[in-house]
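Data block below; observations after.
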Amino acid sequence: MSKVYRLMEDIRNDVEEQIERNGYVAMQKKYNFVQHLANGYWSDNKLCLNCANRKKSNNHAIPRFMLNAISIKGMVSNSNALIDAHFIKKENGLAEAGAFSLLCNKCDQRLFKAYENPNNYEDEPNLVMLAQISLKNYLKRISIRRKSLPLIAAMAYQQLDLEYGDFRNAPRHIIDYRVSKITAINRCETLYTEYSFAKLREHMMTNTLQKPYLFYHCKVDYVTPIAFQSQVRLFYDFNGDIINNPSEQDNEQIEVLHICIFPLQSSTVIMMYSDLLSKKDSYAIFKASFEELDDCGKLCLINFLVFKYSDEYFIHKDFMDILSKNEELIKIAKEMDAFYPDDIINMEAHKNSFSLSGMKKIPNLLAPNNALKT
Ligand SMILES: [Zn+2]
């Protein structure tokens, strides 16, 4: 379990106690205030990340027509229906699901044009589409790092609460010092991802893209109840040997995989591929074991990686009603690791938790028996 997640759990435990004492509305007000303060630390980033235009618009992690395929009355369930954290919605409208704001409208329409066109999925996606998906994943990562800032800042405020009764009683310079210290690491990670975004964009503009290794591509003739687009950083292969060291902090050493589950009108495109900026081949042994799995096994593994390594999935609401009663899935969703875990004390427990053998314990939403009825 990552440090951020553990701290989040601490906050949750404390929050439950505080809600009982102060009431839900009072606590929500306080958290909104903390979020408002923490957001202020990014106030220098109001420009479009691609062209520096002042007018940023709403960008979406997963194209709307894909979410639409798994929606009911314009709504989809998000991972919080399993994780159950306070003050976070469990379902979203299509306009707000996976929404972030880093690009202006013009760049948003231009940069992802090929992959956001439903007519481009007849064949295997081309290199440009894979690059556009990766570029979006980097953007989403930047947005997540920025959004996790309030949570990280909240840890500092919580500590001040303990020392001063209420953080608002603390001197302003103490608040500033504590919050800037704890947010400095977050800023480094964000800046590195911004650098990766710029580098990939440059390769796209200069036609110097290298074809990634496509672990899996399949267009199945049914609609899965789940939509997903993100990158995961695998820790261990099938033998339990390290792919990416969980305590590695150096962003340059981390190698990710991109996973896509794209529900279309009557089919679904499922893909997993290596990162376009990868310099190493950390996945070589994993690659060989993966190739040995049959199609069913490959889908089962991809399904597991999504729930184990990410919380960025969206699920059909009727399915979520069933899934939210599945204890094993809830456990795995809650243990989901943040992208940069640190402070891992017990490597053996971590390895057990991330063992790929866990893939058979949870429902496989990519299997034909779980398809949506169209
Ligand atoms: Zn722009």
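The values are calculated or read from the model by the stated rules, or taken from the named source; none is laboratory data. Values in this document were obtained by computation on a predicted structure and should not be read as measured data. Here Cβ is always computed from backbone atoms with ideal geometry, including for glycine, and neighbour counts include all displayed protein chains.
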Residues of the range 137-165 being of a type outside the set (A, V, I, L, M, F, W, C) and in contact with a helix residue (DSSP H, G or I) (Cβ under 8 Å, 6 or more places away or on another chain), which ones?
-> TYR138, ARG141, ARG145, ARG146, SER148, PRO150, TYR157, GLN158, GLN159, ASP161
Pick from LYS279, LYS308: which is at pLDDT below 95, out of contact with any Asp or Glu (no Cβ under 6 Å at 6 or more places or on another chain) and not in a loop (DSSP other than H, G, I, E, B)?
-> LYS308
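Checking the structure you have, find out if any residue of the range 208-222 is in a helix (DSSP H, G or I) and either polar (S, T, N, Q) or over 19 Å from the mean Cα position of the chain (by Cα) (or both). If you could, list the steps in order and put the result at the bottom.
To start, the set of residues in the range 208-222 that are in a helix (DSSP H, G or I) comprises none.
No, every residue in the range 208-222 fails to be in a helix (DSSP H, G or I) and either polar (S, T, N, Q) or over 19 Å from the mean Cα position of the chain (by Cα) (or both).
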Residue check: is LYS325 modelled with pLDDT of 85 or more, surrounded by fewer than 17 Cβ atoms within 10 Å (Cβ to Cβ) and in a loop (DSSP other than H, G, I, E, B)?
-> yes
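Would you list the helices (runs of 4 or more DSSP H) that sit entirely within the range 53-125 and hold 1 or more residues that are within 16 Å of the ligand (Cβ to nearest atom) and surrounded by 15 or more Cβ atoms within 10 Å (Cβ to Cβ)? It would help to see each step written out before you state the result.
On the way: elements: 64-68, 80-83, 105-111.
Of the helices (runs of 4 or more DSSP H) lying wholly inside the range 53-125, those with at least 1 residues that are within 16 Å of the ligand (Cβ to nearest atom) and surrounded by 15 or more Cβ atoms within 10 Å (Cβ to Cβ) span 105-111.
Yes or no: GLU292 exposed (fewer than 13 other Cβ atoms within 10 Å of the Cβ), more than 30 Å from CYS188 (Cα to Cα) and without any contact (Cβ under 8 Å) to a residue 60 or more places away in the chain? Before you say what the answer is, go through the steps one by one.
Numbers: exposed (fewer than 13 other Cβ atoms within 10 Å of the Cβ): yes; more than 30 Å from CYS188 (Cα to Cα): yes; without any contact (Cβ under 8 Å) to a residue 60 or more places away in the chain: yes.
Here the answer is yes, as GLU292 does meet what is asked.
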May I ask you to list pairs of residues, at least six apart or on different chains, whose Cβ atoms are under 8 Å apart, with the first in the range 97-112 being in contact (Cβ under 8 Å) with a residue 60 or more places away in the chain and on the phi > 0 side of the Ramachandran plot and the second being more than 9 Å from the ligand (Cβ to nearest atom) and in a helix (DSSP H, G or I)?
-> GLY98/LEU67; GLY98/LYS140
Selected residue [closer than 30 Å to SER148 by Cβ, surrounded by 15 or more Cβ atoms within 10 Å (Cβ to Cβ) and free of Cβ contacts under 8 Å to residues at least 60 places away in the same chain] from ARG187, ARG201 = ARG187
Given (1) at pLDDT 95 or above; (2) surrounded by fewer than 22 Cβ atoms within 10 Å (Cβ to Cβ); (3) more than 17 Å from LYS136 (Cα to Cα); (4) under 18 Å from the mean Cα position of the chain (by Cα), index of the condition TYR273 fails | (3)
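Please tell me if ALA156 is outside any helix (DSSP H, G or I) and either modelled with pLDDT of 95 or more or among the hydrophobic types (A, V, I, L, M, F, W, C) (or both).
On the way: outside any helix (DSSP H, G or I): no; either modelled with pLDDT of 95 or more or among the hydrophobic types (A, V, I, L, M, F, W, C) (or both): yes.
Spelling it out, it is not the case that ALA156 is outside any helix (DSSP H, G or I) and either modelled with pLDDT of 95 or more or among the hydrophobic types (A, V, I, L, M, F, W, C) (or both).
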